[in-house]
Structure formats: structure tokens, C-alpha cells
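What follows is a short report on a single structure.
The values are calculated or read from the model by the stated rules, or taken from the named source; none is laboratory data. Since this is a predicted model, take the numbers as computed values, not measurements. Backbone-built Cβ (ideal geometry, glycine too); neighbour counts: all protein chains shown. These accessible areas exclude ligands, DNA and RNA; they are computed on the full protein's heavy atoms, side chains included. Shrake-Rupley method; radii C 1.70, N 1.55, O 1.52, S 1.80 Å.
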Amino acid sequence: MNRPIGVENPEVCKVCGGKCCKTYPGLATPEDFGAPDIEKLKKNLFKALSSGRWTVDWVKQEEGLYFVRPAVKGFEGSVFDHRYTGECTFLTQTGCKLSFENRPESCRMLIPKIDERCDSQGYTRAVVAQRWKEYYDILIDVAIDVENSNF
Ligand code: SF4
Ligand code: SF4
């Protein structure tokens, strides 16, 4: 699968000041970390989770519905985190620290509109967690490896 890129609209977002990023970090997909190439996925996930800037969150643990997102500011360093609100660790005073192509898929695909009536294009936690489901074993194995390497 190709990674969809989307279109940036800095003029609109500059006026807004990043309200979406201040509410909750964008959701990343397996393709953001190299899927369907399993070796790339493992390597990139390990690197991202080890950095403390990315975390594993979930919708329903009992159904294996997990996903990956940037950490919330002030809570970096947790491999697993389940808070519902908070500012994205990558938001700076001048916008997102990540280059557009390195942002989570849901950040890239969001369509900014004036008055913050932005179109999230259906990237809910539930939808993104379904995308991760086929990589559940890999995601959890890598997350546990990172946790163990932190001790
Ligand atoms: S996408 Fe929308 S809410 Fe987010 S910074 Fe841009 S205008 Fe604001
Ligand atoms: S990664 Fe960047 S664009 Fe996405 S929520 Fe964080 S600061 Fe905003």
C-alpha cells in the first residue's frame, strides 16, 4: 500500500494556531512505520517507541485494537499510554516539528478549513486501530522489547 500524503494548508493552520494538535496527537498507521515491510516496521517502531516521543494506545485491549500516536506533552517516555486529551509532543510555537511527510497519516490527511471546521476524513481511533490489527503481534512484541530495554 502506498502512503497517502495529503495536502498541507499552513495559511489556515497558522491562523488557528494548532487547535487540533493541542487537543490530542494525530493517529499513525502501520504504513507510517514501514508496513507492509515487516522488518522495516519492526525497526522503525522500535526506534520511535525507544525515543519516548511515540506511544502505543488502544481502543479495546480485549479485541487487540491498539494503535500508535505521538506522546502527549509531559508524558513522554511511556511505551503504553491511554489518556484521551493533551497536546502533541511535536507541537512547537512555530507549528509541527515533523516534516509534513513524517507526520502521522491522520495529520497529513486532515483537511484544514477556516473556523476549525476541519475534515478529519474519518481517521478515528477505532478506524486506525483496525488498520493495526493485522500487525498486533508485531506491535506488542516490539513495545515489550522497548519496555524491557528501558530497565
Ligand atoms: S487542521 Fe484545523 S484545527 Fe488543526 S491546526 Fe489546522 S485549522 Fe487548526
Ligand atoms: S504530529 Fe504534528 S501535526 Fe500531528 S498532532 Fe502532532 S504536532 Fe500536530
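Taking the residues in the stretch 121-144 that are open to solvent by 60 Å² or more (accessible area, probe 1.4 Å) and either of a type in the set (A, V, I, L, M, F, W, C) or within 16 Å of ligand 2 (Cβ to nearest atom) (or both) as candidates, determine which candidate is nearest to K42 (Cα to Cα). Taking the candidates together, the pick is I144.
Yes/no per residue for (1) in contact with a His (Cβ under 9 Å, 6 or more places away or on another chain); (2) away from ligand 2 (no atom under 14 Å from the Cβ); (3) on the phi < 0 side of the Ramachandran plot:
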site: V12; (1), (2), (3): no, no, yes
site: V15; (1), (2), (3): no, yes, yes
site: P30; (1), (2), (3): no, yes, yes
site: E39; (1), (2), (3): no, yes, yes
site: W58; (1), (2), (3): yes, yes, yes
site: Y66; (1), (2), (3): no, yes, yes
site: Y84; (1), (2), (3): no, yes, yes
site: E87; (1), (2), (3): no, no, yes
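Listed by position, the helices (runs of 4 or more DSSP H) inside the stretch 1-120 whose residues that are open to solvent by less than 20 Å² (accessible area, probe 1.4 Å) number at least 2 are 38-51, 105-109.
Considering every residue within the stretch 26-33, establish whether at least one is without any contact (Cβ under 8 Å) to a residue 60 or more places away in the chain and more than 9 Å from ligand 1 (Cβ to nearest atom). Taking every residue of the stretch 26-33 in turn, at least one turns out to be without any contact (Cβ under 8 Å) to a residue 60 or more places away in the chain and more than 9 Å from ligand 1 (Cβ to nearest atom).
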